[in-house]
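Enquirer: Pasting a structure here, questions to come.
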Amino acid sequence: MPLSPVVRERGRLVAGGVAVGSVATPILVIGLVVVGGFAPLAAAETAFAFGGLWFGLALLGWAGSVASGRAIEAAQERLGADTDWTERRSRRAMARIVGFGAGMMLVAPVIGTVVG
């Protein structure tokens, strides 16, 4: 059974964030080891925590967009504020950031296992 276009589009949003987070994790770990003087395992644990922070904040932001998005859009329209913020674009941005955090949280333990 083929996937619907909506599911594919949403999957691409999250997968793109996962890819960026997966690439950023080794860079962060190397930077923490070289510049910060962290032990490799501690750097991997810190990268995992950093990814978890992004994941959690984006999940909270996504829920906030869903819960109050229409009210914010209505307030903008009533006040005549043309900020260009929309609920849909906010949810899309939060989905990408969730993917970024998830990518970091998936790759960091692998790095920790290899270097630990």
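Enquirer: With each pseudo-label sitting 7 Å past Cα toward Cβ, what's the Val7-Val23 distance in nm, one decimal?
Expert: 2.8 nm
Enquirer: How much length is gained if the chain between Asp84 and Val34 is pulled fully straight, taking 0.36 nm per residue apart and subtracting their Cα-Cα distance, in nm to one decimal?
Expert: Separation in residues times 0.36 nm, less the Cα-Cα distance, equals 13.9 nm.
Enquirer: A further question on this structure: Using the heavy atoms of the protein chains and a 1.4 angstrom probe, tell me the accessible area per residue for the chain in square angstrom.
Expert: 65 Å²
Enquirer: Also: Measure off, as a whole percent, the carbon and sulfur share of the 1.4 Å-probe accessible area of the chain, all protein chains present.
Expert: Here carbon and sulfur together make up 70 percent of the probe-accessible area.
Enquirer: If each DSSP helix of 4+ residues adds -39,500 (n - 2.57) and the sum is divided by the residues in the chain, what number results at 222 nm, nearest 500 deg cm²/dmol?
Expert: Helix contribution divided over all residues of the chain: -31000 deg cm²/dmol.
Enquirer: Sort 6-12, 98-104, 54-60 by packing, meaning the average of other beta carbons within 10 Å per residue, with the highest value first.
Expert: On the way: 6-12: 11.7, 98-104: 24.3, 54-60: 16.6.
Ranking, from highest mean packing down: 98-104, 54-60, 6-12.
Enquirer: Right, something else. Calculate, for Leu41 and Ala63, the FRET efficiency according to 1/(1 + (r/R0)^6) with r their C-beta to C-beta distance and R0 30 Å; round to the nearest 0.05.
Expert: 0.35
Enquirer: Can you give the local net charge around Glu87? Use residues other than it whose beta-carbon is closer than 11 angstrom to its beta-carbon, Lys and Arg +1, Asp and Glu -1.
Expert: +4
The values are calculated or read from the model by the stated rules, or taken from the named source; none is laboratory data. This structure is a prediction, so every number in the text was calculated from the model and none was measured. Quick reminder, even Gly has a Cβ in these numbers, built from the backbone with ideal geometry, and neighbours come from all protein chains shown. Accessible surface is based on the protein model in full, side chains and every heavy atom, while ligands, DNA and RNA are left aside. Shrake-Rupley method; radii C 1.70, N 1.55, O 1.52, S 1.80 Å.
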